Amino acid sequence: MSASELPADPYSVSGSERRSSETEDALYEDDLETAEERIERENAPAAVDYYAVLNVERTASEEEIKNAFRRLALVFHPDKIHLQEDKVAAESKFGKIQKAHDILSNPAKRHIYDTYGAEAAETSWEVGARGQSREDIRAEYERQSRLHQEMAAETLAKSKGEIHLSLDASQIFDPDVRRSRHRRRLPLGRFEPEVETSRGFADLLHWPEVTQALVKHSWETQLTQQTGLVVQGDVMARNGIGVGNVTGLLRHVVSPMMWGEVSGTVGQAPSAQAKIVKNFSPNSFATLTATGTTLSAPPTLIASLGRKISSTLTGYLTYQTGEWQLGPWGADQDFYHRSACSLGLMRRMDRSTWNTDLQVGLATSHLSFTYFRTLPRSIRGRVSVVLSTTMGVQCSIAGDKKVNKYTRVGLGVECASLGGVTLRMKLARLGQRFVIPIMLTPQVNLRLAVWATVVPICSSFLLDRFYLGPRRKRRLADKLSQVRAANAELFSQRRKEAEDAVRIMKDSVLRKLEIEEAKNGLIIVEALYGKLPPSDLSPIQALSMQGIRSMFEHLGTSTDSLLETPTQPEYIDVTVAVQSLVYSSQLHVSGGHSKANVIGFYDPCWGEAKRLRVTYKYQGKLHQVEVDDHAAVAAPLRAHIVSDNADTRTA
């Protein structure tokens, strides 16, 4: 772990903390985004999952791929089909099986398929320039793909902006401030007497006063693979006085264990800075930062040592020299920043992070604690407490939420003994951040702090409950309708392919059923796939072996057995397809992909979350298992046995 990985304040304006906030955005996706991305992914009709076609895991060996191909070839090879109608369907299905085998059994093509998808794996590598080898053509393809990805990333993230607008609304919420600002100045520097009367609603008509405006913009580019350049400009105006600076930063990676950066600022606050980070091992690091604002004194130094104490806990020790002198160098300077030493602990878990820091210095000392947690529905919360010898007690609570893939909004309340109560609003979108701190009162007012916390939370909940939530559902429903309308012909084609596959495998499945029946082995009684209804085992428990065999014959010859509503498919019966995957009383349905690509399956409810429920008999006992769409299934297992009260075992 490096120093840049220390926990960050979501509302901070520093670059390192901004990068940390963006990392958190990438880690925790919103439910809406997940659903929309799933719909977009399924909206690509050309996508084929060859692992699902062969029913093997993504880690399958060449021998496992070869055996899966042989088993499917015994069923779908056209030479083994006698009916002309089935022969045409078998040729189409066997072509897909053969293509899956050709790609996955070839290490080079399999690597390209795993990295770039089916379209890249099916690309003919002989279309390159004459004289180029296959490796050269593949390298060129990878280079073009990287270039495309870099251009997309540059469009989204290379340019970043930040706007802070500080407002003072204390005259609205604090009667003392309001009265003092309404008092009229009299001659000889006197003021008219204070009046206790309130102006009622007119007090709310005053616009908050703008006390500070800050605008930042940065641009980043890679000069080489190891070196990057960042140029940043910032302008700040406070009380009618403006300050502008331009900073250039050059970052270079010396090795995987060490990197450094140098930066310089020109403008009204010129400075220069150098930083080096060294990782001694995966569990320890050190950083050294030197900052100079004048040539008349030595630069201030900040040295940090950190070590990973456990898999989640990191400790660090930091020493700041402050302003100092080296012999005559710096003797004529007035020192404002004094030396300090701090000790900190940071613990980072899957969904939460806490950080505590104790600093002892000649000028100021403080003790701080920060807790950061990611909540459901992509909501992030933060609570911090700081005890300082100079600033007193500072408490803050903040939260933000991702409203779509690229936008996050947040609210926070800060209460300080020397800073009053401040409401902070934030909007972040595609690297652009807008932060508006509003001072509600310059004095500590706990009642106002509570109201400033409760009112935004309740307002946000009501807004999401009655407007954003229904709007999100409507948008997803519209997206689903568009996908289904645009691909209606494709849906029909894939359904027909699944029905043809079930009809072709009927004879082999019936033979397999007889073998399993003879040895009291694994018999699939019912398998349902899609948006499943509640489980009802009563009719299944009443089925005799003759009834199961008749059901298999019916499923193999009639497409009317697919279970669906007249207007909207919800789930389908895949009993025959699942029984075809039983070998030697063992069932294995591979995971890591949607089961809609397994032979005999199709997607009955695109864009919806799907599950597979398998009810089977083994050694005369009824079993049932239910899994998510991308989860693997292995049977028989003792945990799948259904008790007398027909409980369902879910994996």
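Within the range 442-459, take every residue that is of a type in the set (A, V, I, L, M) and assigned to a helix (DSSP H, G or I) and give me the one that is farthest from ALA169 (Cα to Cα).
ILE457
Considering only the range 221-240, how many residues are assigned to a strand (DSSP E or B) and of a type outside the set (Val, Ile, Thr)?
9
Just to check your reading of the model, which residue among GLU64, GLU85, GLU37 is modelled with pLDDT of 90 or more and of a type in the set (Asp, Glu)?
GLU64 is the lone residue from the list that is modelled with pLDDT of 90 or more and of a type in the set (Asp, Glu).
Would you pick out the residues in the range 590-634 that are more than 30 Å from ASN487 (Cα to Cα) and surrounded by 21 or more Cβ atoms within 10 Å (Cβ to Cβ)?
Scanning the range 590-634 gives THR615, TYR616, LYS617, HIS623, GLN624, VAL625.
Being part of a strand (DSSP E or B) and of a type in the set (Ser, Thr, Tyr) is the filter here; which residues of the range 342-366 pass it?
So the first thing to find is which residues in the range 342-366 are part of a strand (DSSP E or B), and the list is 342-348, 352-361, 366.
Scanning the range 342-366 gives SER342, SER352, THR353, THR356.
Listed residues LEU313, LEU345, LEU305; which is without any contact (Cβ under 8 Å) to a residue 60 or more places away in the chain and touching a Lys or Arg at 6+ places or on another chain (Cβ under 6 Å)?
LEU313
Give the residue that is surrounded by the fewest Cβ atoms within 10 Å (Cβ to Cβ), with candidates limited to residues of the range 388-427 that are under 22 Å from THR356 (Cβ atoms), among the polar types (S, T, N, Q) and out of contact with any Gly (no Cβ under 8 Å at 6 or more places or on another chain).
Step by step, filter the range 388-427, then rank; the result is THR390.
Determine whether LEU249 is without any contact (Cβ under 8 Å) to a residue 24 or more places away in the chain, among the hydrophobic types (A, V, I, L, M, F, W, C) and surrounded by 14 or more Cβ atoms within 10 Å (Cβ to Cβ).
yes
Every residue, every condition in (1) among the small types (Gly, Ala, Ser); (2) in contact with a Leu (Cβ under 8 Å, 6 or more places away or on another chain); (3) exposed (fewer than 11 other Cβ atoms within 10 Å of the Cβ); (4) modelled with pLDDT of 90 or more, yes or no:
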site: ILE163; (1), (2), (3), (4): no, yes, no, yes
site: ASP168; (1), (2), (3), (4): no, no, no, no
site: GLN171; (1), (2), (3), (4): no, no, no, no
site: LEU186; (1), (2), (3), (4): no, no, yes, no
site: GLU192; (1), (2), (3), (4): no, yes, yes, no
site: ARG199; (1), (2), (3), (4): no, no, no, no
site: PRO208; (1), (2), (3), (4): no, yes, no, no
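State whether the residues of the range 359-378 include one that is in contact with a Leu (Cβ under 7 Å, 6 or more places away or on another chain), under 30 Å from GLY431 (Cβ atoms) and free of Cβ contacts under 8 Å to residues at least 24 places away in the same chain.
Within the range 359-378, none of the residues are in contact with a Leu (Cβ under 7 Å, 6 or more places away or on another chain), under 30 Å from GLY431 (Cβ atoms) and free of Cβ contacts under 8 Å to residues at least 24 places away in the same chain.
Only one of (1) surrounded by 17 or more Cβ atoms within 10 Å (Cβ to Cβ); (2) in contact with a strand residue (DSSP E or B) (Cβ under 9 Å, 6 or more places away or on another chain) is not met by ASN487, so which one is it?
Failed condition: (2).
Hey, could you check the range 308-324 for residues that are farther than 24 Å from SER384 by Cβ and surrounded by 14 or more Cβ atoms within 10 Å (Cβ to Cβ) and say which is modelled with the highest pLDDT?
Here the residue is THR321.
Failed condition for LEU430, given (1) of a type outside the set (Ser, Thr, Tyr); (2) modelled with pLDDT of 90 or more; (3) at positive phi, with all others met?
Among (1) of a type outside the set (Ser, Thr, Tyr); (2) modelled with pLDDT of 90 or more; (3) at positive phi, the lone unmet condition for LEU430 is (2).
Residue check, PHE335 against (1) hydrophobic (A, V, I, L, M, F, W, C); (2) touching a Pro at 6+ places or on another chain (Cβ under 6 Å); (3) in a loop (DSSP other than H, G, I, E, B), all met but one. Which one?
Status for PHE335: all satisfied but (2).
Return the only residue of ALA297, ALA272, ALA290 being assigned to a loop (DSSP other than H, G, I, E, B), within 30 Å of GLY244 (Cβ to Cβ) and in the same structural domain as GLY381 (by TED's automatic domain parsing). Before you say what the answer is, go through the steps one by one.
Details: ALA272 fails: assigned to a loop (DSSP other than H, G, I, E, B); ALA290 fails: assigned to a loop (DSSP other than H, G, I, E, B).
Going through ALA297, ALA272, ALA290 in turn, just one is assigned to a loop (DSSP other than H, G, I, E, B), within 30 Å of GLY244 (Cβ to Cβ) and in the same structural domain as GLY381 (by TED's automatic domain parsing): ALA297.
The values are calculated or read from the model by the stated rules, or taken from the named source; none is laboratory data. All figures in this text were calculated on a predicted structure; none of them were measured in a lab. FYI the Cβ positions are ideal-geometry reconstructions off the backbone, even for glycines, and counts take in every protein chain you see.
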